[in-house]
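A.B. asks: Quick one: the structure is below, and I'll ask about it shortly.
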């Protein structure tokens with residue numbers, strides 16, 4: 001192990017760098033407190049090129065260090081990349097980092113079989129389509145990469161976001177960053193946005209800006225994709241309000257109005273309570289509300 | 001047709017079986033013969049893409065074994081006229097000129113005279129079968145407006161060729177089946193379907209059309225992802241909901257409207273046309289046809305009656 005002047009390292013040469021994001025506040029605090037414990041591995045060229053420890057090197061520079069503990073190795077470019085990948089595998093890579101691995105391997109001329117072997121180590125299906133998608137992720141704009149890693153969204157949703165143009169992606173990321181979201185919500189929203197784009201030929205982003213919360217965003221999009229369903233839901237809500245159902249009675253309708261029947265539920269602890277509920281239901285029936293609800297299920 | 005990409009494998013197992021149908025929907029009791037699994041047509045909406053996770057086409061060439069299975073089923077059935085088809089997991093005609101799998105089946109059904117074989121296709125070539133065709137083979141074509149064929153069924157025969165092949169089958173003494181399946185709701189689809197039915201009425205003898213099926217586009221969730229990825233505007237134009245069987249279907253209100261439109265257009269051309277709905281609910285049947293079809297058995301009864309009307313005592 002040697003201590004090397006950071007000036008002797010070409011930090012712009014990132015051919016072995018797979019980490020994303022590059023800056024890590026926890027690492028900065030740690031380095032500030034106790035310095036760099038684990039040496040970086042450098043390729044024996046002049047200037048040196050970082051094989052593993054890119055984040056540590058950049059954080060050291062950020063912390064004002066001028067020297068860094070290093071191990072200098074003489075290996076081929078391909079072996080150096082494999083060092084970098086294997087050094088990081090144990091910590092679990094995010095999608096962008098996996099994309100970087102595959103993209104770098106392709107760039108350095110690894111065979112498809114070698115790439116597939118690495119993909120298995122990265123818990124990826126060794127398919128050509130996945131290779132294509134991950135390299136596309138590696139080539140994406142930084143806002144996209146930052147969004148998918150910050151939100152930790154799954155590959156399926158990443159793909160759905162990639163169907164949009166870079167301008168559309170930027171708008172979508174702005175909207176989804178401005179409200180509280182969960183992964184399942186992001187999935188739903190991306191599916192709805194894709195459907196709006198395909199059905200309507202484009203998305204009116206102005207109408208989606210400044211939505212107060214996730215539910216409102218979903219409501220607007222759902223109305224565009226499922227106008228009939230939304231109108232049926234609204235009508236059901238209106239009739240149920242007229243019914244003024246007490247908490248011990250419920251009328252359940254298929255969420256997609258497919259089933260040609262409804263379920264009526266009564267919860268009663270005593271015979272008298274059951275009688276009361278039945279009487280309330282009879283009243284609702286006599287007023288024609290049940291008929292109106294059934295009509296909604298009949299198309 | 002270019003067959004270079006077709007890989008042939010021997011398939012084994014249960015080749016003749018009941019059509020799987022779908023939960024909570026009415027099924028016609030069809031029997032399927034899986035001569036071929038997989039299809040070279042590559043229609044954009046094809047559910048085989050979701051169900052068959054294998055790029056190669058499997059072919060079962062053990063025809064005597066298949067015929068013995070079919071015969072066993074026919075002999076065991078005393079109440080109904082069985083209908084068999086080879087178009088469930090593939091196209092019945094697309095590879096037949098090369099493989100010649102249908103001929104022995106056609107001959108078997110012609111000699112047996114107890115059940116019907118349906119060859120369901122989008123590939124309009126039956127010339128090689130002409131010498132062997134008999135009334136116990138139904139030649140069926142899936143029909144759609146040419147607009148849809150051009151965009152979503154790119155490797156299939158154009159509509160006019162399908163209809164001409166169907167007419168040829170009628171001239172050769174066969175009954176013909178028509179399958180409006182999948183019916184697709186897209187911008188301006190109403191007019192296109194009207195023209196399609198006009199073409200059918202002009203080219204075919206509707207009295208020799210044994211059955212017409214109607215099924216609106218439906219697909220498993222996996223295909224929705226594919227349609228989105230491919231930006232399939234035609235396929236995603238309508239309003240979809242998840243059915244009780246988990247598949248996406250057009251919302252009920254739309255299904256009823258479209259079925260009624262097609263039903264009325266067809267009936268206006270031939271009142272006695274036998275029209276059935278593929279994988280639909282009882283209430284849709286009622287609204288579209290006015291018929292009460294409570295279960296699969298009722299629908300199978302309708303088929304028996306239709307076949308009896310057309311074949312009399314000859315089946």
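A.B. asks: Within the range B:281-294, count every residue that is in contact with a helix residue (DSSP H, G or I) (Cβ under 8 Å, 6 or more places away or on another chain) and away from chain A (no Cβ under 11 Å).
C.D. replies: Residues flagged as in contact with a helix residue (DSSP H, G or I) (Cβ under 8 Å, 6 or more places away or on another chain) and away from chain A (no Cβ under 11 Å) within the range B:281-294 amount to 5.
A.B. asks: Further question on the same structure: When residues of the range B:247-258 are filtered for being closer than 14 Å to residue B:47 by Cβ and either within 9 Å of chain A (Cβ to nearest Cβ) or modelled with pLDDT of 95 or more (or both), how many remain?
C.D. replies: Residues meeting the conditions: 2.
A.B. asks: Okay, moving on. State all residues of the range B:259-275 that are in a helix (DSSP H, G or I) and either at the interface with chain A (Cβ under 9 Å from one of its Cβ atoms) or in contact with a strand residue (DSSP E or B) (Cβ under 8 Å, 6 or more places away or on another chain) (or both); if no residue qualifies, say none.
C.D. replies: Residues satisfying the conditions are B:259, B:262, B:263, B:266, B:267.
A.B. asks: Ok, one more. Where in the range A:191-299 are there helices (runs of 4 or more DSSP H), lying wholly inside it, with at least 3 residues that are over 19 Å from residue A:175 (Cα atoms) and within 14 Å of chain B (Cβ to nearest Cβ)?
C.D. replies: A:227-243, A:289-296
A.B. asks: Working carefully through the options B:243, B:231, B:201, find the one that is within 14 Å of chain A (Cβ to nearest Cβ), more than 17 Å from the chain's Cα centre (by Cα) and under 30 Å from residue B:116 (Cβ atoms).
C.D. replies: Testing whether each residue is within 14 Å of chain A (Cβ to nearest Cβ), more than 17 Å from the chain's Cα centre (by Cα) and under 30 Å from residue B:116 (Cβ atoms) leaves just B:243.
A.B. asks: Exactly one condition in (1) buried (at least 19 other Cβ atoms within 10 Å of the Cβ); (2) within 30 Å of residue A:190 (Cβ to Cβ); (3) in contact with a strand residue (DSSP E or B) (Cβ under 8 Å, 6 or more places away or on another chain) is false for residue B:234; which is it?
C.D. replies: Among (1) buried (at least 19 other Cβ atoms within 10 Å of the Cβ); (2) within 30 Å of residue A:190 (Cβ to Cβ); (3) in contact with a strand residue (DSSP E or B) (Cβ under 8 Å, 6 or more places away or on another chain), the lone unmet condition for residue B:234 is (3).
A.B. asks: Of the residues in the range B:216-231, how many are at negative phi and surrounded by fewer than 20 Cβ atoms within 10 Å (Cβ to Cβ)?
C.D. replies: Summing the residues that are at negative phi and surrounded by fewer than 20 Cβ atoms within 10 Å (Cβ to Cβ) in the range B:216-231 gives 7.
The values are calculated or read from the model by the stated rules, or taken from the named source; none is laboratory data. None of these values were measured; they are calculated from a predicted model. When we count neighbours, we look across all protein chains shown, and the Cβ atoms used for this are built from the backbone with ideal geometry, even at glycine.
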